[in-house]
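Trainee: My structure is below; once you've seen it, I'll send some questions.
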Amino acid sequence: MPASEVDYPRAVRVRWLFSGTEPPARDAYVVMARHRILAVTKRKPDCPTWEMLDKAALPGLLNCHTHLEWSHLEQPLGERGQEFTAWLERMITRRRSDLQIDAGRWSMRRRQGLAQSLAFGVHWLADVVSVDEPAPTDSTTYRVDDCMGVVPFRELIGLLPLRWPELRALAEKFVRQARLREETVGLSPHAPYTVARAFLAELVAWANQHQLPLAMHVAESWEELELLAGGRGPLVELLESLNAWDRSAWKHGSTPRDVLDVLASAVRVLVIHGNYLTRDDLCFLAGQRSRMSLVYCPRTHDYFAHKPYPLAEALRCGVRVVLGTDSRATNPDLSVFEEMRFVASRYPSVDPADVVRMATVWAAEAMGLSGVGAVQPGMSSALTLVQLDNAATGDPYESLWQGTPCPTNTWQ
Ligand SMILES: [Zn+2]
């Protein structure tokens, strides 16, 4: 839309407004101009208004964890309920068969994933990337602006010390190029089974020097716990078969808490999954809330044979819990709204206002994005609209969960 068309105030009127910070408001107007919200009001404003009384409005949704480069997959790898290591083996096989494809194909997959996200009303994403951007034109995907954007986190994998010089060079090149393109980026030391403690500590220090956020898969599987505790189990066997295991990577008797301890000195961290964190671990995360957030990937957690997710306990402890879809290798789609709906149905004791916060205001804080994640004057006018079922009940959240998110468009 030409700039001139967005300069003048205009409004949307919706049946329910979920601002992310206030209780749901019925029949509310959101007035906006120049991609910013001017006012939220119950009175008809003196400007052109789109009547959308069949819809609810939320702040533009955020996806705090995905891997867009797997967005071409038709369905998740393997079958539901499989062990994590079995899935990982399938992933490695798939990855090997992709070794020959060119960088343009990787970019195309990311763009596919972005288009799928926009179709579900997702505006901002934290995306783990394992291949560098091939061409400057693709960098437009990674601009973060008032209406949408992707923050790429460069994935770093390599337990053995002989891999570290290559990983350092990768990280440096990625950050240098991002700075040239003025992009907001981060680093993703992959997981404790692919990043040694000593290298993780080095990465955290280096990322701090450059004020970079981190994203790391932690406490994702019981196999990871076995590896940390005693250097044994299916993950160790898999790494040994790949000549990628180093028994000195984590000292005997380590736990996810040892990983969190290293990450705790980072400027900002997305702790991804945390499926097997203990109450003590969660209390520790709550104490670091200003910098550490826990990214729950509900339907991905459900895809594996994990124990129940400690969501209620994490929230009770005061952890900032946010939502991610993870990739289409573990999830049928990239809809954050479906993750919210899933949480609302599986955890009826969790305050539905918190479910909204997990994908909006808390998610924006977790990603370090200012000016987004809430419907308030001065914030981004990027809204996620949800088509409501006319037969829906009077309860605003019941109506919301029965709705269907509308594709993101440029009318904001
Ligand atoms: Zn992931």
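Trainee: Charges at C-beta only: +1 for Lys and Arg, -1 for Asp and Glu. How large is the resulting dipole of the stretch 61-367 about its Cα centre, in Debye rounded to 20?
Mentor: For this selection, approximately 280 debye.
Trainee: Take Arg96, project a point 7 Å from its Cα along the Cβ direction, then tell me which residues of the stretch 238-261 have their backbone nitrogen under 15 Å from it.
Mentor: The answer is 238-244, whose backbone nitrogens lie closer than 15 Å to the label point.
Trainee: Hey, another quick one. Nearest 20 debye, what's the magnitude of the dipole of the stretch 101-224 about its Cα centre given +1 on Lys and Arg Cβ and -1 on Asp and Glu Cβ?
Mentor: Numbers: 13 positive and 16 negative charges, 47 e Å.
Dipole magnitude for the stretch 101-224 comes out near 220 debye.
Trainee: A further question on this structure: Using a Förster distance of 56 angstrom, determine the FRET efficiency expected from the C-beta separation of Lys42 and Ala198, and round it to 0.05.
Mentor: That gives a FRET efficiency of 0.45.
Trainee: Continuing with this model, one more query. Pull up all non-local amide H partners of Thr384: gap of 5 or more, or a different chain, and H-to-H distance under 5 Å with H placed in the peptide plane.
Mentor: Leu58, Gly60, Leu61
Trainee: Excluding the sites themselves, what is the longest stretch of the chain that contains no GluC sites (Glu not before Pro) in a DSSP loop with at most 13 other C-beta atoms within 10 Å?
Mentor: Longest run free of exposed loop sites: 183-412.
Trainee: Still on this structure, I have one more. For the chain, build the charge dipole from Cβ charges (+1 Lys, Arg; -1 Asp, Glu) around the Cα centre, then report which of His210, Gln82, Val236 sits farthest towards its positive end.
Mentor: About the Cα centre, the residue reaching furthest to the positive side is His210.
Trainee: Let me ask something additional. Roughly how many nanometres apart are two label points built 7 Å out from the Cα toward the Cβ at Ala103 and Lys173?
Mentor: 0.8 nm
Trainee: Here's something else I'd like to know. On a straight-distance basis, which lysines could pair with Lys307 in a cross-link, Cα separation under 30 angstrom, same-chain partners fewer than 8 positions away excluded?
Mentor: Within the straight-line limit of under 30 Å, Lys307 reaches these lysines: Lys251.
Trainee: Quick check on the chain: helices-only [θ] at 222 nm, where DSSP H runs of length 4 and up contribute -39,500 (n - 2.57) each and the sum goes over total residues. Nearest 500, please.
Mentor: -10000 deg cm²/dmol, from helical runs alone.
Trainee: For the chain, take the alpha-carbon Rg, divide it by the Kirkwood Rh, and send me Rg/Rh.
Mentor: When Rh is taken as the Kirkwood radius, the ratio is 0.97.
Trainee: Can I ask one more? Check cross-link reach from Lys44 to the lysines: straight Cα distance under 25 Å, and skip same-chain residues fewer than eight apart.
Mentor: Once the sequence-local lysines are set aside, what remains near Lys44 is Lys55.
Trainee: Averaging sequence separations of C-alpha pairs under 8 Å and six or more residues apart, then dividing by the length of the chain, give the relative contact order as a whole percent.
Mentor: 23 percent
Bear in mind that the values in this text are calculations on the coordinates, not laboratory data. Source: prediction; values computed, not measured. Virtual Cβ from ideal backbone geometry, glycine too; neighbours counted across all protein chains shown.
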